[in-house]
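Coordinate-derived values only; no laboratory data. Since this is a predicted model, take the numbers as computed values, not measurements. Here Cβ is always computed from backbone atoms with ideal geometry, including for glycine, and neighbour counts include all displayed protein chains.
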Amino acid sequence: MGIKFGLFSDLHYSLPHAEVRGNSKRTFEDVQKGMQRFADAGAEFAVSLGDNTQPAGDAAEQFDQLKTMVRKWNSYGVPVHASFGNHEFSQLSIENVLEIFQTDKTYYSFDIGDCRFLILDSCYNPDDSHFSEENFDWRFGKLAEEEVNWLIEKLADKKRTFIFTHYNLYYDPEEQYSEWYQVTNKERIWDIMESAGCVEAVFQGHHHTYHHFLFRGIHFVNIPSPERSPEYNPHDFPIIELLKNGFLYNDQLIERI
């Protein structure tokens, strides 16, 4: 059996009296079912790809809302990593978000066996300042220069690598507004990953729909949002199992290039 992990993205959970998006009133219940699904499958970890909540009545309420969600995630015995989304910063500062997630890092890596996992932070403004309450335009996320240099260092040893990000590193250029869903320095990131030759897949959120692209020898997989589903759907909480010849995405083989 290979390494297993679970994924979810763009819950956009709404409190009863807060702004509602699609079926977002139900997504906190969904993520609890998703986390149980991961635990039952023996997942070694899970990753949130961001945009976990909708704006609340005020910043204090938003803080409590997100903190309650994170506390619940951590009750299933499956460690949850987070690639922050723009909605994390609708009402909160970067300091608030780091406190909620009990970390001092917005991007980092960890290894399991012969595989490396990179949690990226794509919530930087064009001037490399970090998104914070009322200090960003959601259409223009990027990796900061310091993070780009870190990425180059991490890929230097050619270890088999999987990347997690909210903003897309690649999306279909033919789709309207595709530029808004991708990091603004995407061409540079493409060159870095392709040159390294060890990035097998990028799992990304933000778009709310499932898509799979093969570009420059790398799989780019968009994770769907449960706010678009009329009821809980386990496909909104996919399980990945890594194999020698690729990986299973909900039991569908995606072959290693």
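Summarised in one figure, the compactness ratio Rg/Rh of the chain, Cα atoms and Kirkwood Rh, is 0.93.
In this structure, the amide hydrogen of S93, modeled 1.01 Å from its nitrogen in the peptide plane, lies closer than 5 angstrom to those of E133, counting only residues at least 5 positions away or on a different chain.
The residues packed around K25, meaning those with a beta-carbon under 14 Å from its beta-carbon, carry a net charge of -2 if Lys and Arg are +1 and Asp and Glu are -1. For segment 203-216, putting each phi into the Karplus relation 6.51 cos²θ - 1.76 cosθ + 1.60 with θ = phi - 60° gives couplings of 9, 9, x, 6, 8, 6, 10, 7, 9, 10, 10, 10, 9, 6 Hz, in residue order, rounded to whole numbers and with x for Gly and Pro. Placing a pseudo-label 7 Å from each Cα along the Cα-to-Cβ vector at D191 and N74 gives an inter-label distance of 4.1 nm. If only the Cβ of Lys and Arg carry +1 and only the Cβ of Asp and Glu carry -1, the dipole of the chain around its Cα centre is close to 860 debye.
Ordering H207, G197, G141 by Cα displacement along the dipole of the chain toward the positive end leaves G197 in first place; charges were set at the Cβ atoms of Lys, Arg (+1) and Asp, Glu (-1). A helix-only calculation puts the chain at -7500 deg cm²/dmol for mean residue ellipticity at 222 nm, using -39500 (n - 2.57) for each DSSP H run of at least four residues, averaged over all residues. Remark: for residue pairs K159/K186; K4/K25; K72/K158; K158/K186, the C-alpha separation exceeds 31 Å in K72/K158. Full extension of the segment from E44 to R228, taken as 0.36 nm per residue of separation minus the current Cα-Cα distance, would add 63.5 nm. Using a cutoff of 8 angstrom between alpha carbon atoms and counting only pairs six or more residues apart, the relative contact order for segment 4-255 works out to 21 percent.
Projected onto planes of every orientation and averaged, the convex hull of the alpha-carbon atoms in segment 7-132 covers 8.2 nm².
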